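Undergrad: The structure's right below; bear with me while I get my questions together.
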Amino acid sequence: MMVELEVFPKSWPLQNRNLEKGLWRASGRASGQANNGRWLFLCPETMSSNSNSNNNGREEDRKDTNSTLASLDSRFNQTLRNVQGLLKGRSFPGKVLITRRSDPINDSSLYSPSTERSFSDKDAGTSDRLDDFVEDEIQNISKPNTTSTVSKSKSSTLSIEHASRESQKSTVGSRATDSARLVKFTKAMSAPTVILEKLRELAWSGIPPYLRPTVWRLLLGYAPPNSDRREGLLRRKRLEYLDCVAQYYDIPDTERTDEEINMLRQISVDCPRTVPDVTFFQQTEVQKSLERILYIWAIRHPASGYVQGINDLATPFLVVFLSEYLEGSVESWSISDLPPEKISNVEADCYWCLSKLLDGMQDHYTFAQPGIQRLVFKLKELVRRIDEPVSRHMEEQGLEFLQFAFRWVNCLLIREIPFHLVSRLWDTYLAEGDALPDFLVYIFASFLLTWSEELQKLDFQELVMFLQHLPTQNWTDLELEVVLSRAFMWHSMFNSSPSHLAS
(Lines give C-alpha, C1' and ligand atoms only; values in the text may rest on other atoms or scores of the structure.)
Protein backbone atom coordinates (compact mmCIF):
# COMPACT_ATOMS: atom_id res chain seq x y z
CA MET A 1 0.00 0.00 0.00
CA MET A 2 1.29 3.46 -0.86
CA VAL A 3 0.32 6.71 0.86
CA GLU A 4 1.20 9.81 -1.14
CA LEU A 5 1.88 13.10 0.59
CA GLU A 6 1.71 16.15 -1.63
CA VAL A 7 2.96 19.55 -0.58
CA PHE A 8 1.36 22.45 -2.43
CA PRO A 9 1.46 26.25 -2.17
CA LYS A 10 -1.02 27.89 0.17
CA SER A 11 -1.76 30.53 -2.47
CA TRP A 12 -3.74 28.13 -4.65
CA PRO A 13 -7.44 28.97 -4.53
CA LEU A 14 -9.37 26.37 -2.56
CA GLN A 15 -13.12 26.56 -2.27
CA ASN A 16 -13.13 24.51 0.92
CA ARG A 17 -11.35 26.41 3.65
CA ASN A 18 -10.82 23.32 5.80
CA LEU A 19 -7.26 23.48 4.46
CA GLU A 20 -6.68 27.01 5.61
CA LYS A 21 -4.03 26.38 8.26
CA GLY A 22 -2.07 23.73 10.07
CA LEU A 23 -0.41 20.54 8.87
CA TRP A 24 -2.85 18.30 10.72
CA ARG A 25 -5.76 20.25 9.23
CA ALA A 26 -4.81 18.86 5.82
CA SER A 27 -7.63 16.95 4.19
CA GLY A 28 -7.29 13.32 3.24
CA ARG A 29 -8.91 11.48 0.40
CA ALA A 30 -9.32 7.73 0.70
CA SER A 31 -10.44 6.09 -2.53
CA GLY A 32 -12.15 2.72 -2.38
CA GLN A 33 -11.15 1.24 0.95
CA ALA A 34 -8.49 3.86 1.59
CA ASN A 35 -5.83 1.75 -0.16
CA ASN A 36 -4.44 4.84 -1.85
CA GLY A 37 -4.77 7.81 0.44
CA ARG A 38 -3.51 11.19 -0.62
CA TRP A 39 -2.67 13.58 2.17
CA LEU A 40 -2.06 17.17 1.21
CA PHE A 41 0.03 19.51 3.32
CA LEU A 42 0.23 23.27 3.03
CA CYS A 43 3.58 24.61 1.98
CA PRO A 44 3.98 28.32 2.85
CA GLU A 45 4.78 30.04 -0.41
CA THR A 46 6.38 33.35 -1.18
CA MET A 47 4.83 34.93 -4.20
CA SER A 48 6.94 36.49 -6.90
CA SER A 49 6.57 39.78 -8.70
CA ASN A 50 2.79 39.92 -8.27
CA SER A 51 3.34 40.56 -4.56
CA ASN A 52 5.81 43.38 -5.18
CA SER A 53 4.82 46.98 -5.23
CA ASN A 54 3.83 48.32 -8.62
CA ASN A 55 6.33 51.15 -8.10
CA ASN A 56 9.33 48.78 -8.19
CA GLY A 57 11.21 48.41 -11.44
CA ARG A 58 11.37 45.25 -13.51
CA GLU A 59 15.00 44.64 -12.56
CA GLU A 60 14.12 44.69 -8.88
CA ASP A 61 11.20 42.35 -9.61
CA ARG A 62 13.54 39.90 -11.34
CA LYS A 63 15.96 40.03 -8.41
CA ASP A 64 13.14 39.53 -5.96
CA THR A 65 11.80 36.66 -8.03
CA ASN A 66 15.17 34.90 -8.15
CA SER A 67 15.60 35.39 -4.44
CA THR A 68 12.05 34.21 -3.86
CA LEU A 69 12.56 31.01 -5.85
CA ALA A 70 15.68 30.20 -3.87
CA SER A 71 13.94 30.85 -0.57
CA LEU A 72 10.90 28.87 -1.74
CA ASP A 73 13.07 25.80 -2.33
CA SER A 74 14.53 26.22 1.13
CA ARG A 75 11.10 26.58 2.72
CA PHE A 76 9.77 23.65 0.73
CA ASN A 77 12.55 21.49 2.10
CA GLN A 78 11.81 22.74 5.60
CA THR A 79 8.14 21.86 5.13
CA LEU A 80 9.13 18.36 4.05
CA ARG A 81 11.20 18.01 7.21
CA ASN A 82 8.20 19.16 9.26
CA VAL A 83 5.98 16.61 7.53
CA GLN A 84 8.53 13.86 8.02
CA GLY A 85 8.70 14.79 11.69
CA LEU A 86 4.93 14.39 11.98
CA LEU A 87 5.17 11.00 10.27
CA LYS A 88 7.72 9.78 12.80
CA GLY A 89 6.25 6.85 14.65
CA ARG A 90 4.40 5.45 11.61
CA SER A 91 1.42 7.75 11.74
CA PHE A 92 0.56 6.55 8.20
CA PRO A 93 0.32 2.86 7.36
CA GLY A 94 2.45 1.54 4.50
CA LYS A 95 5.10 3.32 2.49
CA VAL A 96 5.18 7.07 2.18
CA LEU A 97 5.93 9.05 -0.95
CA ILE A 98 6.36 12.80 -0.59
CA THR A 99 5.99 14.79 -3.79
CA ARG A 100 5.77 18.42 -4.79
CA ARG A 101 2.95 19.61 -6.97
CA SER A 102 3.61 22.14 -9.70
CA ASP A 103 0.09 22.22 -11.09
CA PRO A 104 -2.96 23.68 -9.33
CA ILE A 105 -5.00 21.23 -7.35
CA ASN A 106 -8.50 20.16 -8.23
CA ASP A 107 -10.69 20.97 -5.27
CA SER A 108 -13.12 18.19 -6.06
CA SER A 109 -10.42 15.55 -5.60
CA LEU A 110 -9.74 16.49 -2.02
CA TYR A 111 -12.75 14.78 -0.54
CA SER A 112 -14.15 11.36 -0.99
CA PRO A 113 -17.89 10.77 -0.91
CA SER A 114 -17.14 7.57 0.99
CA THR A 115 -15.76 9.49 3.93
CA GLU A 116 -18.44 9.36 6.58
CA ARG A 117 -17.22 12.22 8.73
CA SER A 118 -17.08 15.70 7.23
CA PHE A 119 -14.10 17.92 7.84
CA SER A 120 -14.93 20.90 9.98
CA ASP A 121 -13.53 22.98 12.80
CA LYS A 122 -13.90 20.11 15.20
CA ASP A 123 -11.95 17.82 12.92
CA ALA A 124 -8.82 19.87 13.07
CA GLY A 125 -8.09 18.59 16.51
CA THR A 126 -4.81 20.49 16.69
CA SER A 127 -3.86 22.86 19.42
CA ASP A 128 -3.63 26.53 18.65
CA ARG A 129 0.07 26.42 19.37
CA LEU A 130 0.55 24.30 16.27
CA ASP A 131 -1.89 26.50 14.35
CA ASP A 132 -0.14 29.65 15.54
CA PHE A 133 3.22 28.25 14.44
CA VAL A 134 1.97 27.57 10.92
CA GLU A 135 0.03 30.84 10.74
CA ASP A 136 3.00 32.89 11.87
CA GLU A 137 5.29 31.11 9.43
CA ILE A 138 2.89 31.81 6.58
CA GLN A 139 2.49 35.44 7.58
CA ASN A 140 6.23 35.93 7.87
CA ILE A 141 7.10 34.47 4.48
CA SER A 142 4.04 35.08 2.30
CA LYS A 143 5.07 38.71 1.77
CA PRO A 144 8.42 39.75 0.26
CA ASN A 145 10.69 41.56 2.64
CA THR A 146 11.40 44.99 1.23
CA THR A 147 13.92 45.87 3.92
CA SER A 148 15.50 44.05 6.84
CA THR A 149 14.14 46.72 9.18
CA VAL A 150 10.55 46.03 8.18
CA SER A 151 11.17 42.30 8.51
CA LYS A 152 12.59 42.65 12.00
CA SER A 153 9.77 44.96 13.00
CA LYS A 154 7.11 42.54 11.80
CA SER A 155 8.86 39.61 13.45
CA SER A 156 9.10 41.50 16.71
CA THR A 157 5.44 42.50 16.58
CA LEU A 158 4.37 38.92 15.89
CA SER A 159 6.52 37.67 18.75
CA ILE A 160 5.00 40.18 21.18
CA GLU A 161 1.47 39.32 20.05
CA HIS A 162 2.22 35.60 20.30
CA ALA A 163 3.68 36.00 23.79
CA SER A 164 0.62 38.00 24.82
CA ARG A 165 -1.67 35.26 23.58
CA GLU A 166 0.41 32.61 25.34
CA SER A 167 0.12 34.43 28.67
CA GLN A 168 -3.67 34.36 28.43
CA LYS A 169 -3.96 30.68 27.61
CA SER A 170 -5.49 28.26 30.04
CA THR A 171 -4.42 24.67 30.54
CA VAL A 172 -7.15 23.36 28.28
CA GLY A 173 -5.42 24.71 25.18
CA SER A 174 -5.84 27.94 23.34
CA ARG A 175 -8.14 26.47 20.70
CA ALA A 176 -10.80 26.63 23.38
CA THR A 177 -10.17 30.33 24.02
CA ASP A 178 -9.50 31.55 20.48
CA SER A 179 -11.50 34.74 19.99
CA ALA A 180 -13.17 33.57 16.78
CA ARG A 181 -14.23 30.34 18.46
CA LEU A 182 -15.53 32.26 21.47
CA VAL A 183 -17.75 34.27 19.14
CA LYS A 184 -19.07 31.05 17.59
CA PHE A 185 -19.70 29.51 21.00
CA THR A 186 -21.48 32.63 22.22
CA LYS A 187 -23.67 32.74 19.13
CA ALA A 188 -24.53 29.04 19.38
CA MET A 189 -25.33 29.23 23.10
CA SER A 190 -27.41 32.41 22.87
CA ALA A 191 -29.90 30.93 20.42
CA PRO A 192 -33.39 30.22 21.82
CA THR A 193 -32.83 26.58 20.87
CA VAL A 194 -29.25 25.34 20.72
CA ILE A 195 -28.38 23.35 17.59
CA LEU A 196 -26.60 20.40 19.13
CA GLU A 197 -24.83 19.30 15.94
CA LYS A 198 -23.19 22.69 15.58
CA LEU A 199 -22.32 22.68 19.28
CA ARG A 200 -20.66 19.26 18.94
CA GLU A 201 -18.50 20.52 16.09
CA LEU A 202 -17.30 23.43 18.20
CA ALA A 203 -16.83 21.38 21.37
CA TRP A 204 -14.72 18.71 19.68
CA SER A 205 -11.69 21.00 19.63
CA GLY A 206 -12.12 22.27 23.19
CA ILE A 207 -14.64 24.28 25.19
CA PRO A 208 -13.92 27.58 27.00
CA PRO A 209 -13.78 26.77 30.73
CA TYR A 210 -16.53 29.23 31.70
CA LEU A 211 -18.92 27.61 29.19
CA ARG A 212 -17.94 24.01 29.86
CA PRO A 213 -20.53 23.18 32.56
CA THR A 214 -23.45 24.36 30.42
CA VAL A 215 -22.10 22.79 27.23
CA TRP A 216 -21.51 19.43 28.91
CA ARG A 217 -25.09 19.36 30.22
CA LEU A 218 -26.36 20.04 26.71
CA LEU A 219 -24.10 17.53 24.95
CA LEU A 220 -25.14 14.76 27.33
CA GLY A 221 -28.83 15.51 26.94
CA TYR A 222 -29.23 16.35 30.61
CA ALA A 223 -30.24 19.94 29.88
CA PRO A 224 -32.71 20.57 27.01
CA PRO A 225 -31.63 22.61 23.96
CA ASN A 226 -34.62 24.93 24.48
CA SER A 227 -33.46 27.71 26.80
CA ASP A 228 -36.98 28.40 28.10
CA ARG A 229 -37.30 24.89 29.53
CA ARG A 230 -33.73 24.55 30.82
CA GLU A 231 -33.94 26.03 34.31
CA GLY A 232 -37.22 24.33 35.14
CA LEU A 233 -35.97 20.90 34.08
CA LEU A 234 -32.68 21.25 35.98
CA ARG A 235 -34.59 22.27 39.10
CA ARG A 236 -36.84 19.23 38.82
CA LYS A 237 -33.93 16.80 38.25
CA ARG A 238 -32.03 18.20 41.20
CA LEU A 239 -35.03 17.70 43.46
CA GLU A 240 -35.37 14.15 42.16
CA TYR A 241 -31.74 13.47 43.13
CA LEU A 242 -32.40 14.82 46.64
CA ASP A 243 -35.33 12.44 46.95
CA CYS A 244 -33.05 9.55 45.95
CA VAL A 245 -30.48 10.53 48.59
CA ALA A 246 -33.18 10.58 51.28
CA GLN A 247 -34.64 7.28 50.09
CA TYR A 248 -31.48 5.24 49.52
CA TYR A 249 -28.50 6.89 51.24
CA ASP A 250 -29.70 8.67 54.38
CA ILE A 251 -31.06 5.50 55.97
CA PRO A 252 -29.65 3.16 58.63
CA ASP A 253 -27.81 -0.01 57.57
CA THR A 254 -30.61 -2.07 59.09
CA GLU A 255 -32.80 -1.03 56.14
CA ARG A 256 -30.17 -2.13 53.58
CA THR A 257 -29.59 -5.60 52.21
CA ASP A 258 -26.24 -7.33 52.75
CA GLU A 259 -25.39 -6.70 49.11
CA GLU A 260 -26.08 -2.97 49.47
CA ILE A 261 -24.00 -2.78 52.66
CA ASN A 262 -21.04 -4.45 50.93
CA MET A 263 -21.42 -2.17 47.92
CA LEU A 264 -21.47 0.96 50.09
CA ARG A 265 -18.42 -0.29 51.98
CA GLN A 266 -16.52 -0.84 48.71
CA ILE A 267 -17.41 2.67 47.51
CA SER A 268 -16.25 4.20 50.80
CA VAL A 269 -12.92 2.38 50.39
CA ASP A 270 -12.45 3.49 46.77
CA CYS A 271 -13.32 7.18 47.21
CA PRO A 272 -10.13 8.09 49.14
CA ARG A 273 -8.10 6.34 46.40
CA THR A 274 -9.68 8.45 43.65
CA VAL A 275 -7.20 10.80 41.91
CA PRO A 276 -4.72 10.55 44.80
CA ASP A 277 -2.29 13.07 43.28
CA VAL A 278 -4.88 15.91 43.49
CA THR A 279 -5.25 17.11 47.08
CA PHE A 280 -8.75 18.44 46.43
CA PHE A 281 -10.09 14.90 46.27
CA GLN A 282 -8.63 14.10 49.69
CA GLN A 283 -11.10 16.46 51.39
CA THR A 284 -13.63 14.56 53.48
CA GLU A 285 -16.62 16.44 52.07
CA VAL A 286 -15.50 15.77 48.50
CA GLN A 287 -15.22 12.06 49.23
CA LYS A 288 -18.67 12.08 50.83
CA SER A 289 -20.13 13.74 47.74
CA LEU A 290 -18.50 11.11 45.51
CA GLU A 291 -19.81 8.37 47.79
CA ARG A 292 -23.39 9.61 47.54
CA ILE A 293 -23.23 9.99 43.75
CA LEU A 294 -21.77 6.52 43.20
CA TYR A 295 -24.05 4.75 45.66
CA ILE A 296 -27.22 6.29 44.22
CA TRP A 297 -26.05 5.38 40.70
CA ALA A 298 -25.30 1.78 41.72
CA ILE A 299 -28.65 1.34 43.48
CA ARG A 300 -30.56 2.63 40.46
CA HIS A 301 -28.55 0.52 37.98
CA PRO A 302 -28.73 -2.98 39.43
CA ALA A 303 -27.66 -4.66 36.17
CA SER A 304 -24.11 -3.54 36.81
CA GLY A 305 -24.06 -2.13 40.33
CA TYR A 306 -20.88 -0.40 41.43
CA VAL A 307 -17.69 -1.38 39.59
CA GLN A 308 -14.24 -0.03 40.39
CA GLY A 309 -13.37 2.58 37.80
CA ILE A 310 -16.73 4.31 37.81
CA ASN A 311 -15.41 6.40 40.70
CA ASP A 312 -12.83 7.88 38.31
CA LEU A 313 -15.50 8.71 35.74
CA ALA A 314 -17.36 10.90 38.22
CA THR A 315 -14.38 13.17 38.93
CA PRO A 316 -14.38 15.26 35.72
CA PHE A 317 -18.05 16.09 36.24
CA LEU A 318 -17.46 17.06 39.86
CA VAL A 319 -14.62 19.43 39.01
CA VAL A 320 -16.36 21.01 36.01
CA PHE A 321 -19.64 21.68 37.81
CA LEU A 322 -17.86 22.99 40.91
CA SER A 323 -15.99 25.44 38.66
CA GLU A 324 -19.25 27.39 38.37
CA TYR A 325 -18.94 28.31 42.06
CA LEU A 326 -15.22 28.09 42.89
CA GLU A 327 -12.41 30.08 41.28
CA GLY A 328 -8.70 29.53 40.86
CA SER A 329 -6.78 26.26 40.73
CA VAL A 330 -8.47 23.01 41.73
CA GLU A 331 -5.68 22.48 44.25
CA SER A 332 -6.80 25.61 46.12
CA TRP A 333 -10.50 24.74 46.23
CA SER A 334 -12.35 23.99 49.44
CA ILE A 335 -15.80 22.51 49.01
CA SER A 336 -16.70 23.56 52.55
CA ASP A 337 -16.79 27.17 51.28
CA LEU A 338 -20.04 26.37 49.46
CA PRO A 339 -23.50 26.28 51.05
CA PRO A 340 -25.21 22.84 51.17
CA GLU A 341 -27.70 23.84 48.47
CA LYS A 342 -24.97 24.44 45.89
CA ILE A 343 -23.15 21.25 46.84
CA SER A 344 -26.41 19.38 46.37
CA ASN A 345 -26.90 20.95 42.92
CA VAL A 346 -23.37 19.96 41.89
CA GLU A 347 -23.91 16.39 43.09
CA ALA A 348 -27.20 16.15 41.22
CA ASP A 349 -25.64 17.40 37.98
CA CYS A 350 -22.76 14.92 38.40
CA TYR A 351 -25.15 12.06 39.02
CA TRP A 352 -27.37 12.72 36.01
CA CYS A 353 -24.46 13.39 33.64
CA LEU A 354 -22.64 10.26 34.82
CA SER A 355 -25.84 8.31 34.19
CA LYS A 356 -26.15 9.74 30.67
CA LEU A 357 -22.52 8.90 29.88
CA LEU A 358 -22.72 5.33 31.16
CA ASP A 359 -26.04 4.66 29.42
CA GLY A 360 -24.05 4.44 26.17
CA MET A 361 -21.50 1.99 27.54
CA GLN A 362 -23.23 0.07 30.30
CA ASP A 363 -21.91 -3.27 29.04
CA HIS A 364 -18.48 -2.02 30.09
CA TYR A 365 -19.56 -2.58 33.68
CA THR A 366 -21.92 -5.56 33.60
CA PHE A 367 -20.80 -9.09 34.49
CA ALA A 368 -17.46 -10.00 32.81
CA GLN A 369 -17.40 -6.49 31.29
CA PRO A 370 -17.89 -7.65 27.67
CA GLY A 371 -17.88 -4.09 26.33
CA ILE A 372 -14.34 -3.48 27.54
CA GLN A 373 -13.10 -6.81 26.19
CA ARG A 374 -14.65 -6.03 22.80
CA LEU A 375 -12.90 -2.63 22.60
CA VAL A 376 -9.55 -4.11 23.67
CA PHE A 377 -9.81 -6.70 20.89
CA LYS A 378 -10.56 -3.96 18.35
CA LEU A 379 -7.60 -1.98 19.67
CA LYS A 380 -5.28 -4.95 19.14
CA GLU A 381 -6.46 -5.37 15.54
CA LEU A 382 -6.17 -1.66 14.81
CA VAL A 383 -2.62 -1.43 16.15
CA ARG A 384 -1.70 -4.46 14.04
CA ARG A 385 -2.87 -2.67 10.91
CA ILE A 386 -1.37 0.73 11.72
CA ASP A 387 1.98 -0.28 13.22
CA GLU A 388 2.73 -3.91 12.52
CA PRO A 389 6.27 -3.86 14.02
CA VAL A 390 4.93 -2.75 17.42
CA SER A 391 2.15 -5.32 17.28
CA ARG A 392 4.58 -8.10 16.35
CA HIS A 393 7.07 -7.11 19.07
CA MET A 394 4.39 -7.10 21.77
CA GLU A 395 3.18 -10.50 20.58
CA GLU A 396 6.72 -11.91 20.58
CA GLN A 397 7.20 -10.68 24.15
CA GLY A 398 3.95 -12.35 25.21
CA LEU A 399 2.24 -9.10 26.22
CA GLU A 400 -1.54 -9.18 25.98
CA PHE A 401 -3.42 -5.95 25.35
CA LEU A 402 -5.79 -6.72 28.21
CA GLN A 403 -2.86 -6.43 30.61
CA PHE A 404 -2.59 -2.68 30.08
CA ALA A 405 -5.54 -1.51 27.95
CA PHE A 406 -8.23 -2.80 30.30
CA ARG A 407 -7.56 0.08 32.69
CA TRP A 408 -7.47 2.55 29.80
CA VAL A 409 -10.98 1.58 28.71
CA ASN A 410 -12.32 1.13 32.23
CA CYS A 411 -11.25 4.63 33.33
CA LEU A 412 -11.22 6.34 29.89
CA LEU A 413 -7.53 7.32 30.29
CA ILE A 414 -8.16 9.42 33.40
CA ARG A 415 -5.37 7.62 35.26
CA GLU A 416 -2.93 7.87 32.35
CA ILE A 417 -2.72 11.64 31.81
CA PRO A 418 -2.34 14.67 34.13
CA PHE A 419 -5.69 15.52 35.67
CA HIS A 420 -5.64 19.10 34.37
CA LEU A 421 -5.89 17.68 30.81
CA VAL A 422 -8.85 15.42 31.54
CA SER A 423 -11.50 18.09 31.00
CA ARG A 424 -10.08 18.91 27.57
CA LEU A 425 -10.04 15.22 26.64
CA TRP A 426 -13.63 14.88 27.79
CA ASP A 427 -14.71 17.79 25.60
CA THR A 428 -13.96 15.51 22.65
CA TYR A 429 -15.48 12.47 24.34
CA LEU A 430 -18.81 14.20 24.90
CA ALA A 431 -18.78 15.86 21.47
CA GLU A 432 -18.66 12.38 19.90
CA GLY A 433 -22.00 11.53 21.49
CA ASP A 434 -23.30 8.05 20.66
CA ALA A 435 -20.24 7.38 18.48
CA LEU A 436 -17.89 7.61 21.47
CA PRO A 437 -17.33 3.85 22.06
CA ASP A 438 -16.16 3.40 18.45
CA PHE A 439 -13.95 6.48 18.53
CA LEU A 440 -12.34 5.45 21.83
CA VAL A 441 -10.47 2.65 20.05
CA TYR A 442 -8.72 5.17 17.80
CA ILE A 443 -7.83 7.42 20.73
CA PHE A 444 -6.30 4.48 22.58
CA ALA A 445 -4.34 3.42 19.48
CA SER A 446 -3.03 6.94 18.96
CA PHE A 447 -2.12 7.16 22.65
CA LEU A 448 -0.22 3.85 22.60
CA LEU A 449 1.68 4.54 19.38
CA THR A 450 2.94 7.85 20.74
CA TRP A 451 5.74 5.65 22.07
CA SER A 452 6.07 3.36 19.04
CA GLU A 453 9.88 3.46 18.90
CA GLU A 454 10.36 3.08 22.66
CA LEU A 455 8.04 0.08 22.89
CA GLN A 456 10.01 -1.89 20.30
CA LYS A 457 13.15 -1.68 22.46
CA LEU A 458 11.61 -3.14 25.64
CA ASP A 459 11.28 -6.72 26.85
CA PHE A 460 8.18 -8.11 28.56
CA GLN A 461 8.93 -6.86 32.06
CA GLU A 462 9.99 -3.44 30.81
CA LEU A 463 6.88 -3.20 28.61
CA VAL A 464 4.60 -3.91 31.56
CA MET A 465 6.32 -1.34 33.77
CA PHE A 466 6.43 1.28 31.00
CA LEU A 467 2.75 0.93 30.09
CA GLN A 468 1.70 1.06 33.74
CA HIS A 469 3.68 4.26 34.35
CA LEU A 470 3.61 6.15 31.07
CA PRO A 471 5.76 9.33 30.90
CA THR A 472 2.86 11.76 30.58
CA GLN A 473 3.42 13.75 33.78
CA ASN A 474 4.79 16.72 31.83
CA TRP A 475 2.23 16.61 29.05
CA THR A 476 0.50 19.79 27.95
CA ASP A 477 -2.54 20.34 25.76
CA LEU A 478 -0.23 20.17 22.70
CA GLU A 479 0.59 16.49 23.20
CA LEU A 480 -3.04 15.68 23.87
CA GLU A 481 -4.18 17.50 20.73
CA VAL A 482 -1.73 15.50 18.61
CA VAL A 483 -3.15 12.26 20.04
CA LEU A 484 -6.69 13.38 19.17
CA SER A 485 -5.64 14.50 15.69
CA ARG A 486 -4.08 11.16 14.87
CA ALA A 487 -7.15 9.39 16.25
CA PHE A 488 -9.43 11.40 13.97
CA MET A 489 -7.21 10.74 10.95
CA TRP A 490 -7.17 6.99 11.54
CA HIS A 491 -10.90 6.98 12.21
CA SER A 492 -11.46 8.63 8.84
CA MET A 493 -9.23 6.07 7.12
CA PHE A 494 -10.37 2.85 8.78
CA ASN A 495 -13.80 3.19 10.39
CA SER A 496 -15.80 2.99 7.17
CA SER A 497 -13.42 0.40 5.71
CA PRO A 498 -13.93 -2.66 7.90
CA SER A 499 -11.87 -4.90 5.62
CA HIS A 500 -8.81 -3.03 6.83
CA LEU A 501 -9.41 -4.54 10.24
CA ALA A 502 -10.10 -8.04 8.94
CA SER A 503 -7.56 -10.74 9.70
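Undergrad: Within the range 206-226, how many residues turn out to be of a type in the set (Ser, Thr, Tyr) and open to solvent by 50 Å² or more (accessible area, probe 1.4 Å)?
TA: Summing the residues that are of a type in the set (Ser, Thr, Tyr) and open to solvent by 50 Å² or more (accessible area, probe 1.4 Å) in the range 206-226 gives 1.
Undergrad: Say whether the condition of being in contact with a Ser or Thr (Cβ under 7 Å, 6 or more places away or on another chain), modelled with pLDDT under 95 and either in a helix (DSSP H, G or I) or hydroxyl-bearing (Ser, Thr, Tyr) (or both) is met by at least one residue in the range 283-300.
TA: There is no residue in the range 283-300 that is in contact with a Ser or Thr (Cβ under 7 Å, 6 or more places away or on another chain), modelled with pLDDT under 95 and either in a helix (DSSP H, G or I) or hydroxyl-bearing (Ser, Thr, Tyr) (or both).
Undergrad: Another question, then. Out of curiosity, is Phe447 outside any loop (DSSP other than H, G, I, E, B), touching a residue at least 24 places away in the same chain (Cβ under 8 Å) and crowded, with 20+ Cβ neighbours inside 10 Å?
TA: Yes: the conditions hold for Phe447.
Undergrad: Do we have Met394 as open to solvent by less than 10 Å² (accessible area, probe 1.4 Å), under 27 Å from Trp475 (Cβ atoms) and over 21 Å from the mean Cα position of the chain (by Cα) here?
TA: Yes, satisfied.
Undergrad: Same structure again: List the number of the failed condition for Gln473; all other conditions in (1) part of a loop (DSSP other than H, G, I, E, B); (2) farther than 24 Å from Phe321 by Cα; (3) open to solvent by less than 10 Å² (accessible area, probe 1.4 Å) hold.
TA: (3)
Undergrad: Within the bounds of the range 375-383, is there any residue that is open to solvent by 60 Å² or more (accessible area, probe 1.4 Å), touching a Ser or Thr at 6+ places or on another chain (Cβ under 6 Å) and under 11 Å from Ala445 (Cβ atoms)?
TA: no
Undergrad: Run down Asp277, Asp312 and say which single residue is farther than 20 Å from Pro213 by Cα and out of contact with any His (no Cβ under 8 Å at 6 or more places or on another chain).
TA: Selected residue: Asp277, the only one of Asp277, Asp312 that is farther than 20 Å from Pro213 by Cα and out of contact with any His (no Cβ under 8 Å at 6 or more places or on another chain).
Undergrad: Right, here's the next one. Scan the range 279-306 for residues that are crowded, with 17+ Cβ neighbours inside 10 Å and in contact (Cβ under 8 Å) with a residue 24 or more places away in the chain and report the count.
TA: Residues in the range 279-306 being crowded, with 17+ Cβ neighbours inside 10 Å and in contact (Cβ under 8 Å) with a residue 24 or more places away in the chain: 18 in total.
The values are calculated or read from the model by the stated rules, or taken from the named source; none is laboratory data. This structure is a prediction, so every number in the text was calculated from the model and none was measured. Positions of Cβ are generated from backbone atoms using ideal geometry, with glycine treated the same way; all protein chains shown enter the neighbour counts. Keep in mind that these areas ignore ligands, DNA and RNA; they rest on the heavy atoms of the full protein, side chains included. Shrake-Rupley method; radii C 1.70, N 1.55, O 1.52, S 1.80 Å.
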